[in-house]
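**Student:** One structure coming up, written as structure tokens, with questions to follow.
The values are calculated or read from the model by the stated rules, or taken from the named source; none is laboratory data. None of the values given here were measured: they were computed from a predicted structure. All Cβ positions, even for glycine, are placed from backbone atoms using ideal geometry, and neighbour counts span all protein chains on display.
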Protein chains: 2
Amino acid sequence: MQNPPQKIAVVMAGGKGTRFWPRSRSQRPKQFLAIAGKETLLHQTVHRLDGLFEPRHIFVVTTRELADETRAMLPGLPPENILVEPEGRNTAPCLALSLVEIERRIPDGVMVVLSADHWIGDTEAFIQDVETAVDHAASTGELVVFGIKPTYPETGYGYIEVGGTEGDGVQKVLAFREKPPMEMALQYLQSGRHYWNAGMFVWTLGDLRKGLLQHCPDVLAPLDGWTSQGADEAALPVIYGRLPQLAIDVALMEKAQNVALVSTHFRWSDVGSWPAAVEFQEPDSNGNVVQGQSILLDVKNSAFFGGTRLIAASGVSDLIVVDEPDALLICHRDKAQSVKQIVERLKQEGREDLL
Amino acid sequence: MQNPPQKIAVVMAGGKGTRFWPRSRSQRPKQFLAIAGKETLLHQTVHRLDGLFEPRHIFVVTTRELADETRAMLPGLPPENILVEPEGRNTAPCLALSLVEIERRIPDGVMVVLSADHWIGDTEAFIQDVETAVDHAASTGELVVFGIKPTYPETGYGYIEVGGTEGDGVQKVLAFREKPPMEMALQYLQSGRHYWNAGMFVWTLGDLRKGLLQHCPDVLAPLDGWTSQGADEAALPVIYGRLPQLAIDVALMEKAQNVALVSTHFRWSDVGSWPAAVEFQEPDSNGNVVQGQSILLDVKNSAFFGGTRLIAASGVSDLIVVDEPDALLICHRDKAQSVKQIVERLKQEGREDLL
């Protein structure tokens, strides 16, 4: 009997998360916030791996600006397991760099790619699904993606279309589908053959290498060259800065033929906006969610993400209020998308202090 | 020809103004706020008297807690002209104390009683009306009250009913009317014989003394006793604390027969609530009023009284937002009265730090 495959986790934690302004900032992105539970999303993501992965096999990859803080937040991991991208260049370069960094330390194993800023319920189910995917990837050499069963016609996510089911319940992927218009999203929802792509992947180190070299060699080859010349830290920024900015979905998954999907059994959210964060809080009898001190008179369906100040509100409804020491957001809960515009305006106005 | 009468101003500045919470606090009442113009209401009130009164004839009467700050805010007045009530006990004791304090310094003159926390437009018209009232009081010995021509059926003010007009355009007062129900307020509005009582009075020192002794001797006599025994500061709190808590309207004006009314020619507001304060600001094309830094997206008919923090708002309307370092108010503009309830709640919860 073969040894069980060595499991390696790669947590992508370089996200910016401007959608949670003013709580999220360039130096305090979404994964550093406790917006869906008492722990930060980063802590939740790493703690979920307890027992399933050895700490020395858990890697977190982030950008240079966030590396020190990320390392400080995760004292349970070896400091050298915080891998540092010189800059954010989307997920294909990020995972290619993770690959070459991990190959220098671990000869082989199955890599489980996760996002630091998603919420996952049911850790038990998550572990089971990871085990299924790891076994499948190790035994078949396929590239495995987790598929989330859609619950509504979301137009902001990519979809994955599956064909027949293989022996272990894992499904064959036919195609990756771009963010669809509403009509198509409705068809996807009804088809039963389409899943949300949550950007979580499982593959052996060897199969990832093979896939990258075959489908996007310009992402991996320069990093291999860097490694063969001694992996000089000082030389990486220039090399990395020339890699094509591509998502792993586009660079690899859409092109590869050996892609399989594990339909997940855990609850999942990408916590993409303030209203999504509100969903994680228990509302009071008026539908209000409150962090911090408040006095609410005739207030309904509103959320107050307060700090140290008292928030008093009267006669309002459907508001999202986010209170930070240097900035205050008051928006209708249907207008939470406009946070992006606000951040844009701040950029235009040179308010780096608030970004 | 007689000398023109000596003019003395008494500015009542002991108000609490909880209706402007969280900007107003026990140590920073309404008269200390610049809510109707660039200057505080207290500064506006005193500066309006420039040229009309000698600084040494301008008195400001306030409570012990506010005395130091009031004195510091008005360096142009002699420090001893800030008269100190041991505690707030309504306007009859306040004016009786002012009378005995002023009598010790100035043998006779005409006293013009003003409020520190009202707004007055048209300083020229104001001065003219004061002159009219002063001349009338000095020549007739009557107690003069300013009457504001009502512009809508306000049920929160007292009204003054007048009869015939005297030679100088000043009108004879028939009766003081309590805050009326709406139906009566509508009749008052239509009658042409009813004015708002804005609590501004003009009388000679001698006539005020005569009126108080005749109609409410228990307000003045104890203070006369105190004066005759040397006006010992240390003895005042006990004596003052026993005076009946009465408004001058009730203690004197409603009872006196020799009362006249000067119909004012200036614009006036008692700036009684946040929406009233909004009226004094020039709105932008969306009907918004902003103090401080803001980014507003699809925001209408709202007012933002900000501080040093940026306020970003999106998709909201008809809000009043008041931002202080330790507290934030967000209320519908039709619910501004609920500020009183909020202040009550803070009292119940022992949050003296926010009051």
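**Student:** Going through A:Val170, A:Val162, A:Val219 one at a time, which residue ends up being modelled with pLDDT of 95 or more, among the aliphatic types (A, V, I, L, M) and within 30 Å of A:Ile127 (Cα to Cα)?
**Tutor:** Selected residue: A:Val162, the only one of A:Val170, A:Val162, A:Val219 that is modelled with pLDDT of 95 or more, among the aliphatic types (A, V, I, L, M) and within 30 Å of A:Ile127 (Cα to Cα).
**Student:** Could you figure out which of (1) out of contact with any strand residue (DSSP E or B) (no Cβ under 6 Å at 6 or more places or on another chain); (2) at pLDDT 95 or above isn't true of B:Gly292?
**Tutor:** Status for B:Gly292: all satisfied but (2).
**Student:** Looking at segment A:18-35, which of its residues are part of a loop (DSSP other than H, G, I, E, B), under 21 Å from A:Lys340 (Cβ atoms) and of a type outside the set (Val, Ile, Thr)?
**Tutor:** So the first thing to find is which residues in segment A:18-35 are part of a loop (DSSP other than H, G, I, E, B), and the list is A:21-24, A:26-27, A:29, A:33-35.
Filter once more, so that each one left must be under 21 Å from A:Lys340 (Cβ atoms): A:21-24, A:26-27, A:29, A:33, A:35.
A:Trp21, A:Pro22, A:Arg23, A:Ser24, A:Ser26, A:Gln27, A:Pro29, A:Leu33 - these are the residues of segment A:18-35 that are part of a loop (DSSP other than H, G, I, E, B), under 21 Å from A:Lys340 (Cβ atoms) and of a type outside the set (Val, Ile, Thr).
**Student:** Hey, among the residues in segment B:4-22 that are under 22 Å from B:Gly307 (Cα atoms) and not polar (S, T, N, Q), which one's surrounded by the most Cβ atoms within 10 Å (Cβ to Cβ)?
**Tutor:** Taking segment B:4-22 and keeping what is under 22 Å from B:Gly307 (Cα atoms), we get B:16-22.
From what is left, the residues that are not polar (S, T, N, Q) are B:16-17, B:19-22.
Details: B:Lys16: 19, B:Gly17: 21, B:Arg19: 18, B:Phe20: 27, B:Trp21: 21, B:Pro22: 23.
Here the residue is B:Phe20.
**Student:** I've got another one for you. Name the single residue, out of those in segment A:338-350 being over 13 Å from B:Ile311 (Cβ atoms), surrounded by 16 or more Cβ atoms within 10 Å (Cβ to Cβ) and in contact with a helix residue (DSSP H, G or I) (Cβ under 9 Å, 6 or more places away or on another chain), that is farthest from the other protein chains (Cβ to nearest Cβ). Let's see the steps before the verdict.
**Tutor:** So the first thing to find is which residues in segment A:338-350 are over 13 Å from B:Ile311 (Cβ atoms), and the list is A:338-341, A:343-344, A:347-350.
Narrowing further to those that are surrounded by 16 or more Cβ atoms within 10 Å (Cβ to Cβ): A:338-339, A:343.
Okay, now just the ones that are also in contact with a helix residue (DSSP H, G or I) (Cβ under 9 Å, 6 or more places away or on another chain), so A:339, A:343.
On the way: A:Val339: 8, A:Val343: 9 Å.
That would be A:Val343.
**Student:** Next question, about the same structure. Only residues in segment B:343-355 that are over 15 Å from B:Gly17 (Cα atoms) count as the first member; pair them with residues that are at pLDDT 95 or above, Cβ under 7 angstrom, at least 6 apart or cross-chain, and list the lot.
**Tutor:** B:Arg345/A:Ile295
**Student:** Taking only pairs six or more apart or across chains, which ones have beta-carbon atoms under 7 Å, a first residue in segment A:183-203 that is in the same structural domain as A:Gly163 (by TED's automatic domain parsing) and β-branched (Val, Ile, Thr), and a second residue that is surrounded by fewer than 21 Cβ atoms within 10 Å (Cβ to Cβ) and at pLDDT 95 or above?
**Tutor:** Short answer, once both residue conditions are applied: none.
**Student:** Kindly indicate whether A:Val238 is out of contact with any Asp or Glu (no Cβ under 7 Å at 6 or more places or on another chain), surrounded by fewer than 21 Cβ atoms within 10 Å (Cβ to Cβ) and modelled with pLDDT of 95 or more.
**Tutor:** Criteria met by A:Val238.
**Student:** Which of the residues belonging to segment B:199-225 are within 13 Å of B:Met253 (Cα to Cα) and in a strand (DSSP E or B)?
**Tutor:** Within segment B:199-225, B:Gly199, B:Met200, B:Phe201, B:Val202, B:Trp203 qualify.
**Student:** With A:Ile248, A:Ile320 as the choices, which residue is assigned by TED's automatic domain parsing to the domain that holds A:Gly14 and buried (at least 18 other Cβ atoms within 10 Å of the Cβ)? I'd like the intermediate steps shown before the answer.
**Tutor:** Numbers: A:Ile320 fails: assigned by TED's automatic domain parsing to the domain that holds A:Gly14.
Only one candidate qualifies: A:Ile248.
**Student:** With respect to B:Ala92, determine if the residue is under 30 Å from B:Gly241 (Cα atoms), out of contact with any Leu (no Cβ under 7 Å at 6 or more places or on another chain), of a type outside the set (S, T, N, Q) and not in a loop (DSSP other than H, G, I, E, B).
**Tutor:** No; evaluated as a whole, the condition is false for this residue.
**Student:** Is it the case, given these coordinates, that A:Ile342 is within 23 Å of B:Arg345 (Cβ to Cβ), of a type in the set (A, V, I, L, M) and not assigned by TED's automatic domain parsing to the domain that holds A:Ser24?
**Tutor:** Numbers: within 23 Å of B:Arg345 (Cβ to Cβ): no; of a type in the set (A, V, I, L, M): yes; not assigned by TED's automatic domain parsing to the domain that holds A:Ser24: yes.
No, not satisfied.
**Student:** State whether the residues of segment B:191-198 include one that is closer than 21 Å to B:Ser269 by Cβ, surrounded by 14 or more Cβ atoms within 10 Å (Cβ to Cβ) and at pLDDT below 95. Spell out the reasoning first.
**Tutor:** Taking segment B:191-198 and keeping what is closer than 21 Å to B:Ser269 by Cβ, we get B:194-198.
In the following step, the residues that additionally are surrounded by 14 or more Cβ atoms within 10 Å (Cβ to Cβ) were identified as B:194-198.
Within this subset, residues satisfying the condition of being at pLDDT below 95 are B:198.
Yes, segment B:191-198 has at least one match.
**Student:** Further question on the same structure: Cβ contacts < 7 Å: first residue under 24 Å from B:Ser273 (Cα atoms), restricted to segment B:5-20; second residue of a type in the set (Lys, Arg) and buried (at least 24 other Cβ atoms within 10 Å of the Cβ), any location; separation 6+ or different chain. Result?
**Tutor:** B:Gly15/B:Lys30; B:Gly17/B:Lys30; B:Phe20/B:Lys30
**Student:** Next question. Strands (runs of 3 or more DSSP E) wholly in segment A:101-180 with at least 1 residues that are of a type outside the set (Ser, Thr, Tyr) and surrounded by fewer than 21 Cβ atoms within 10 Å (Cβ to Cβ) - which ones? Full working, then the answer.
**Tutor:** On the way: elements: A:110-115, A:143-148, A:159-165, A:171-177.
In segment A:101-180, A:159-165, A:171-177 are the strands (runs of 3 or more DSSP E) which contain 1 or more residues that are of a type outside the set (Ser, Thr, Tyr) and surrounded by fewer than 21 Cβ atoms within 10 Å (Cβ to Cβ).
Here's the yes/no breakdown for (1) part of a helix (DSSP H, G or I); (2) charged (D, E, K, R):
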| residue | (1), (2) |
| --- | --- |
| A:Ile8 | no, no |
| A:Lys16 | no, yes |
| A:Gly37 | no, no |
| A:Gln44 | yes, no |
| A:Leu66 | yes, no |
| A:Glu69 | yes, yes |
| A:Gly76 | no, no |
| A:Gly88 | no, no |
| A:Leu97 | yes, no |
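**Student:** Scan segment A:69-100 for residues that are closer than 19 Å to A:Val112 by Cα and either among the polar types (S, T, N, Q) or outside the structural domain of A:Gly14 (by TED's automatic domain parsing) (or both) and jot them down.
**Tutor:** Within segment A:69-100, A:Asn81, A:Asn90, A:Thr91, A:Ser98 qualify.
**Student:** Kindly establish whether B:Ser314 is crowded, with 22+ Cβ neighbours inside 10 Å, within 7 Å of another protein chain (Cβ to nearest Cβ) and among the hydroxyl-bearing types (Ser, Thr, Tyr). If you could, list the steps in order and put the result at the bottom.
**Tutor:** Details: crowded, with 22+ Cβ neighbours inside 10 Å: yes; within 7 Å of another protein chain (Cβ to nearest Cβ): yes; among the hydroxyl-bearing types (Ser, Thr, Tyr): yes.
Criteria met by B:Ser314.
**Student:** Take the residues in segment B:325-337 that are touching a residue at least 12 places away in the same chain (Cβ under 8 Å) and either closer than 9 Å to A:Ser314 by Cβ or more than 8 Å from chain A (Cβ to nearest Cβ) (or both); name whichever of them is surrounded by the fewest Cβ atoms within 10 Å (Cβ to Cβ). If you could, list the steps in order and put the result at the bottom.
**Tutor:** Restricting attention to segment B:325-337, the residues satisfying the condition of being touching a residue at least 12 places away in the same chain (Cβ under 8 Å) are B:325-329, B:331-334, B:336-337.
Keeping just the survivors that are either closer than 9 Å to A:Ser314 by Cβ or more than 8 Å from chain A (Cβ to nearest Cβ) (or both) gives B:329, B:331-333, B:336-337.
Working: B:Leu329: 26, B:Cys331: 26, B:His332: 19, B:Arg333: 17, B:Ala336: 23, B:Gln337: 15.
This residue is B:Gln337.
**Student:** Would you confirm whether any residue within segment A:255-269 is in contact with a Leu (Cβ under 8 Å, 6 or more places away or on another chain), more than 23 Å from B:Gly315 (Cα to Cα), within 14 Å of chain B (Cβ to nearest Cβ) and not small (Gly, Ala, Ser)?
**Tutor:** No, segment A:255-269 has no match at all.
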